[in-house]
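A quick write-up on the structure given underneath.
Throughout, read-outs are computed from the coordinates displayed, never taken from laboratory work. Since the structure is predicted, the reported quantities are computational estimates derived from the model, not experimental observations. Cβ sites come from the backbone with ideal geometry, for glycine too, and all protein chains shown count toward neighbours.
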Amino acid sequence: MMDRRTFTSLLATAAVAPRSSFAQGAPRKSALYSSVGPVLTHYDVDVEAAALTKRASVTLPANVQYAWPHASGRYLYVASSSSAPGTGPVGTEHHVSAFRIDPASGALAPHGNPIRLPTRPIHITTDIPSRHVLVAFNNPSALRVYRIKGDATLGEEVPQRAPIDAGIYGHQVRVTANNRLAIFVARGNDPAGGKPEDPGALKVFSYKDGLLTNGVSIAPNGGYGFGPRHLDFHPTQPWVYVSLERENKLDMFRLDGDTLAAAPAFRRETLAEPNNIKSRQAAGTVHVHPNGRFVYGVNRADTTTEFEGRKLFVGGENTLAVYSIDPSTGEPAPIQHVDTRGIHCRTFHIDASGRMLVAAHIMGLAVRDGAAVREVPACMSVFRIGADGRLDYMRKYDIDTGGKLMFWMGMVKL
């Protein structure tokens, strides 16, 4: 069975207590997977050169939403849906599919049959031993658990003993390293069209063998002005870093055993210029570096205006925010904001060695370039991570999305 540190490195969404080091033994390859609509494409990863090489693709039953690896690193679980993002048109095709990962090449092959879901899945994870898949749904907000069979294929839903309090507009679910808590991130919604704000919360559940028990709801100020989107765990300390999408903040909460603090210990801005907002800004994905010394978050903007018959980006921060972490307190301190070189970076990933970061942008847009207008295509931007945690831009790969969204991207250690 793969140890927790190895599992942690598999995807950009995981960072929990390590028990061994990747520095031991010969270097191993990583594979990157990136989606455009229902198509999931495999890329070879060259960490030394900070470069990607495109390989083959597989097609899901509907548009890819999120993916998560089995603890063994030999399988990938992919959620897909025909529903539009947000509260857009509702589709009818919602699944989780399993794929085998070739341990030498990273190529994907179907593994068993997809399982059907009732509505759009927005995020998935496995529990620590990968005996179950936990699926987060946004509209309506819900959390469900499905079995993983002994051969790593997907099984039936686990009936829960009581109704699950999933708050408003779920966005992510994570399981703590001890496999005893599941934390469900419920973003809430901004006020709009005369409708008041929906409060956000972190819903903390006791978890055992696929069963969830309602615990506490962490909602500072009743959840008003608290719009969490994404969280990540520190690899060695009981610190949880949470991005607040609606407030453009980064919070750090402390875990005390199986208790999550009721309020953040620290709160920091995510934007470089929080008093100079040009369009709707939304904090997004947050990931802790594998060495636990830095945390990274992304700022997204894609508001447009009409200009000569075309949609033109009005401006805003599409940046990665880099923070150093105080080793004694966990306090994050901003040290860098760097342009992601694209529009609306929804997902980014740090490779297991901690030397390379890839940022994926869901769309292309026209932008002003002096007196002219130019197109910024959807792309994957590659950065080198320095010993000081700072990012150096290396190159980008423009992606023709054909009008679809590049909705998810992540890496798996082979």
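In whole angstrom, how far apart do the alpha carbon centroids of segment 202-268 and segment 282-354 sit? Cα centroid to Cα centroid, the span is 20 Å.
Ranked highest first by the average count of other Cβ atoms within 10 Å around their residues, in what order do 327-336, 153-162, 401-410 fall? List each step's numbers first, then the result.
Numbers: 327-336: 15.0, 153-162: 13.3, 401-410: 19.7.
By packing density, highest mean first, the sequence is 401-410, 327-336, 153-162.
Each of LEU271, PRO327, ASN299 was scored by the projection of its Cα onto the charge dipole of segment 236-414, and the greatest displacement toward the positive side belongs to ASN299; charges sit on the C-beta of Lys, Arg, Asp and Glu. Which length gain, in nm to one decimal place, applies between SER279 and ALA49 when the Cα-Cα distance is subtracted from 0.36 nm times their residue separation? Length gained, SER279 through ALA49: 79.2 nm.
Fully extending the segment from ARG384 to VAL90 would add 101.9 nm, taking 0.36 nm per residue of separation and subtracting the current Cα-Cα distance.
So how strong a dipole does the chain carry about its Cα centre when Lys and Arg Cβ are +1 and Asp and Glu Cβ are -1, to the nearest 20 debye?
Details: 45 positive and 37 negative charges, 130 e Å.
Approximately 620 debye in magnitude.
Mean residue ellipticity at 222 nm from the helices of the chain, using -39,500 (n - 2.57) per DSSP H segment of n ≥ 4 over the full residue count, to the nearest 500 deg cm²/dmol?
It lands at -500 deg cm²/dmol.
Residues within the reach of a label modelled at THR236 (point 7 angstrom out along Cα to beta-carbon, backbone nitrogen below 14 Å), restricted to segment 320-344, are 325-330.
Gap in Å between the Cα centre of segment 362-414 and the Cα centre of segment 122-179? Going from one Cα centre to the other spans 30 Å.
Ranked highest first by average number of other Cβ atoms within 10 Å, how do 33-40, 55-62 line up? Each step should come with its number before you reach the end.
On the way: 33-40: 22.6, 55-62: 16.8.
Ranking, from highest mean packing down: 33-40, 55-62.
Here is the link list: LYS149/LYS396; LYS29/LYS208; LYS149/LYS413; LYS203/LYS249; LYS249/LYS278; LYS54/LYS404. Which ones come out longer than 28 Å on Cα distance? Correct reply: LYS149/LYS396; LYS29/LYS208. Rounded to two decimals, what is Rg over Rh for the chain when you use alpha-carbon atoms and the Kirkwood radius? That ratio is 0.93, to two decimals. The modelled label-to-label distance between GLU157 and ALA263, using points 7 Å beyond Cα along the C-beta direction, is 3.9 nm. Remark: segment 60-226 carries a charge dipole of roughly 280 debye about the Cα centre, counting +1 on each Lys and Arg Cβ and -1 on each Asp and Glu Cβ. Couplings 3J(HN,Hα) for segment 115-120, derived from phi with the Karplus relation 6.51 cos²θ - 1.76 cosθ + 1.60 (θ = phi - 60°), are 9, 7, 10, x, 9, 5 Hz, where x marks Gly and Pro.
For the peptides 295-302, 136-143, the ranking by packing is 295-302, 136-143, with the highest mean count of neighbouring Cβ atoms within 10 Å listed first. Across all directions, the average projected area of the convex hull around the alpha carbons of segment 109-223 is 8.4 nm². Of the residues ILE343, LEU60, VAL173, the one whose Cα sits farthest toward the positive end of the charge dipole of the chain, with +1 on the Cβ of Lys and Arg and -1 on the Cβ of Asp and Glu, is LEU60.
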